[in-house]
Structures are given as C-alpha cells and as structure tokens.
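Participant: Dropping the structure in here first, questions after.
The values are calculated or read from the model by the stated rules, or taken from the named source; none is laboratory data. These numbers come from a predicted model, not from an experiment. With ideal geometry, Cβ positions are generated from the backbone for all residues, glycine too; neighbour counts draw on all protein chains shown.
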Amino acid sequence: MQRRTALLLLPAASLLGACGFQLRQAPTYDFKTLYSGFSPNSSLGLQFRRALGGTGSVVVITDNKQINDADVLLDVVSDLRQKVVVGINASGQVREFQLRLIFKFRLRRKDGTVLIPDTEITQQRDLSFNEGAALAKESEELLLYRDMEKDVVNQMLRRLSTIKVANPA
C-alpha cells in the first residue's frame, strides 16, 4: 500500500519540480545597516526592528549618533491610528467601529538619494462594540492594532527586499 502511494506521488512531485516551484525563503537585502527613524516607544517600530533584526543579515541602528554608519535611512513620515464610528443603533449607541492604521515612510541613502519615495501603507479592521463587554472589546482592539502593525511590517520588509542600494554605473 505504501509503495503504491509513493508511486502515485512521484509524478506529482516531479511536475512541481519541473514548473520551478520553490518554498518561500527569507528575503535578502542589498544593505547591511539601516537607520530606523521610528520613535523609541513606537510599537510598530519595535515590531519592525524585531522582524528586520531577526533576519541576521541587517543591523538596525536606532541611535541618532550612529546615523552616519547606516547604509540606508528609513524616514517615518507619519504613523497614524484612527478609530471611526461606522455603525449606531436606533438609540444612538455605537455598534461598530472601524480601526485604521495609516503609515507613511521613505527610504534613502546617506547621500540623500531616494530609494523608495513617500509610500503609504493603510490597514483597516472592523470592530463590533457592545457596552456590556467594553473591557473585552478594548483588548480585542489592541489585538487588531497589533495584527495591522504586523501586516504593515511585512509589507515594508517585502518592499525593502526589492531595492538596490548600489549606485548604478
């Protein structure tokens, strides 16, 4: 029975190999050091530093005194959180919120050459609300913001992996 299953799976495996299928690999970056322009107490900045520093191939600099040691500079243009009421009931009580995270950044070399122009990444999530469970909804809101931050960081890392730092000859 096992031999028969193996014989049936062999053609499928060879087809996947022939089409160029590969498992996703860790991204590679064209720079060794990056200055992070996040404020020291930014939770988004903390997630970014953990994600990029965790690759082992990039050193993240946060100290302004070492800014000249960085290959590239990440400028945080804006980091905005919004909580908008999108639904109310007949008595005017809030029933649904929309949480938004709007992050805008740019990436440049030390000489000022812009590698990634001002780029805005927006995430939004809907949050139902119930006054009887206000404390639980507050915790859910924090989890949703953390999830949105994770998505923003992943999008930033994908964009950073596509840039070429070296001056074109």
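Participant: Identify, by number, the condition in (1) surrounded by 15 or more Cβ atoms within 10 Å (Cβ to Cβ); (2) under 28 Å from V165 (Cβ atoms); (3) not aliphatic (A, V, I, L, M) that K65 doesn't meet.
Facilitator: (1)
Participant: Then there's this: Tell me, which strands (runs of 3 or more DSSP E) wholly within the range 1-92 include 3 or more residues that are modelled with pLDDT of 90 or more and closer than 28 Å to L127 by Cβ?
Facilitator: Numbers: elements: 33-36, 59-61, 72-88.
The qualifying strands (runs of 3 or more DSSP E) are 72-88.
Participant: Among R81, R3, which is the only one that is surrounded by fewer than 10 Cβ atoms within 10 Å (Cβ to Cβ) and of a type in the set (K, R)?
Facilitator: R3
Residues checked against (1) at pLDDT 95 or above; (2) small (G, A, S); (3) surrounded by 15 or more Cβ atoms within 10 Å (Cβ to Cβ):
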position	(1), (2), (3)
L101	yes, no, yes
F105	yes, no, yes
D111	no, no, no
D118	yes, no, no
Q123	yes, no, yes
F129	no, no, yes
A133	no, yes, no
E138	no, no, no
A166	no, yes, no
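Participant: Could you tell me which of the residues V77, V60 is of a type in the set (A, V, I, L, M, F, W, C) and more than 20 Å from M148 (Cβ to Cβ)?
Facilitator: On the way: V77 fails: more than 20 Å from M148 (Cβ to Cβ).
So the residue among V77, V60 that is of a type in the set (A, V, I, L, M, F, W, C) and more than 20 Å from M148 (Cβ to Cβ) is V60.
Participant: Let me ask something else. Under 7 Å between Cβ atoms, which residue pairs at least 6 apart in sequence (or on different chains) link something in the range 54-78 that is more than 24 Å from I102 (Cα to Cα) and in contact (Cβ under 8 Å) with a residue 60 or more places away in the chain with a partner that is among the aromatic types (F, W, Y) and not in a strand (DSSP E or B)?
Facilitator: D71/F31
Participant: Right, here's the next one. Check whether at least one residue in the range 117-128 is charged (D, E, K, R), assigned to a helix (DSSP H, G or I) and either within 16 Å of V58 (Cβ to Cβ) or touching a residue at least 40 places away in the same chain (Cβ under 8 Å) (or both), and report yes or no.
Facilitator: no
Participant: All but one of (1) in a strand (DSSP E or B); (2) among the hydrophobic types (A, V, I, L, M, F, W, C); (3) under 30 Å from R49 (Cα atoms) hold for A136; state the number of the condition that does not hold.
Facilitator: (1)
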